[in-house]
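K.L.:
Pasting a structure here, questions to come.
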Amino acid sequence: MAVVMSTRRVSAAAVASLVFGLGAGLAGCVDPPSLGDNQHRVSWEEFRAAVYQEPDSGLFILDWDHPIRGEAALHAYWSRLQPGALTIYNNGADVAWSAAQKKNLTYCVSNGFGGNKNAVLAAMVAATEDGWEKMADVDFIYRPAEDGNCTAANPNVVFDIRPVNTSGQYLARAFFPDSPRGDRNVLVDLAAFDPQQTGGIPLANIMAHELGHALGFRHEHVRPEANAAECYEDNQFRPVTAYDSASVMHYPQCNGTSTPLAFTQRDREGVALVYGPPVVNMPPMAQVTYPGDGATVPPTFTVETSIVDTDVARVELHVDGAPYGTSTTPPYRFEVVGLAAGAHVLELVAVDRVGQTVSTTVNVTVRSGGGGGGGGGGGTGDDRAEIITGGCQASGPDTPTGAGLTFGLVLLAGLIRRRRAA
Ligand SMILES: [Zn+2]
């Protein structure tokens, strides 16, 4: 990458090629979009230092003759060149939390969840402490003392999380930062607790998606790049950076490429552009995106993952407690070959450059009978033949009810897609 950053003028095209070039070879229909190597990005500091600033006018000059006034505008320009995802709600201005509010996003979890409450609490930890808070300088704060009065009228929290029973009309719905307190709720349908109805989307990822809306992010598939006219909502958004078909905010059935709605590296970069990166080096996030926990698989299959961090050193796969493989480059994918019939434990371990380690475990059963599996290349992944995806639905800002924006992760009964093995 021969971009000379020492010249006083920087070509945007050159920066774009530097930023995007490394990941290009990894693109493919089943690959999650790759960001290439984080080490070779042009940081804001590098970019800022390399841009020529006219001594008299103070203007920054880009692309030889493109003037930009002010550091904020220059930062916005740099942001647009970065790979990343997420699409912020914008109705003339970005709809996002202020610097003070973003660090104090308090919530309660209604006792009305009953036996499902622990699942909600665990999903919220995954979506906040181990999710958005690892990617950006935001802080969701749980206020358990409010759980007994966790209603839309409770003024002691920013938002409430409550159960609803819509008979599966949606899995969950949320709000945007400009919603009035009464509308600032995350409503979780009973269907969200039923794996048969979620289509394999873990509750943690459903909550992560809903909290994405709570942070101001629109569905990624509203963007024209999704080529999903049936998922059109409105045009009140601002693309933060490049389109990401695998974003946590992108529904699979709207031409998305992430069935379990895992976070992506682009989600991390996008939210950091809006709210700033975390103030400390956070441990990686690691998810097995295939196979799902409890899945039945053929003896030979591909383990697909989503690893999100700024400084991933390596990713390991352990099978039944024994090291099976190590990967140091995205997309951190592992081929498991000829596993014996029966129950097995897959453990995914991600380690960053300062040694911070996270692991996640998935239980699978290799089917007996000698069928399936085998074969080279394209033979993997055939157990994914049928995937019930969640649906998408939105009532836009022009909703006549005036109830504000509510976005649901909607279950479309009968929307069963047959997905061919790659
Ligand atoms: Zn949504």
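Where a number appears in this text, it was derived from the coordinates with a stated rule and is not lab data. In this text the structure is predicted, and so the values were computed from the model without any measurement. Methodologically, a virtual Cβ is constructed for each residue, glycine included, from the backbone with ideal geometry; neighbour enumeration extends over all protein chains shown.
K.L.:
Pairs of Cα atoms under 8 Å, at least six residues apart: use those to get the relative contact order of region 101-278, whole percent.
P.N.:
In percent, rounded to a whole number, it is 22.
K.L.:
Kindly identify region 285-384 as rounded, prolate or oblate by the Cα gyration tensor criterion: order the square roots of the eigenvalues as a ≥ b ≥ c, call it rounded if a/c is under 1.5, otherwise compare a/b with b/c, prolate if a/b is larger, else oblate. Please list the in-between numbers first.
P.N.:
Numbers: a/c = 2.35, a/b = 1.92, b/c = 1.22.
Cα axes put region 285-384 in the prolate bin.
K.L.:
Now for a separate question. Order by neighbour count: K103, K134, fewest other Cβ atoms within 10 Å first, most last.
P.N.:
If I rank by nearby Cβ atoms, fewest first, I get K103, K134.
K.L.:
Moving on. Let me know the shape class of region 204-358, please: from the alpha-carbon gyration tensor, a ≥ b ≥ c as square roots of the eigenvalues, rounded when a/c is under 1.5, otherwise prolate if a/b is greater than b/c, or oblate. Could you put the intermediate results ahead of the total?
P.N.:
Values: a/c = 2.60, a/b = 1.49, b/c = 1.75.
Oblate.
K.L.:
Taking θ as phi - 60°, what are the ³J(HN,Hα) couplings along region 132-137 by the Karplus curve (6.51, -1.76, 1.60), each to the nearest whole Hz, with x for Gly and Pro?
P.N.:
Using θ = phi - 60°, the values come out as 4, 6, 7, 10, 8, 7 Hz.
K.L.:
For T259, T357, T264, what ranking results if the residue with the fewest other Cβ atoms within 10 Å of its Cβ goes first? Intermediate values should be presented prior to the final figure.
P.N.:
Numbers: T259 23, T357 13, T264 32.
In order of increasing Cβ crowding within 10 Å: T357, T259, T264.
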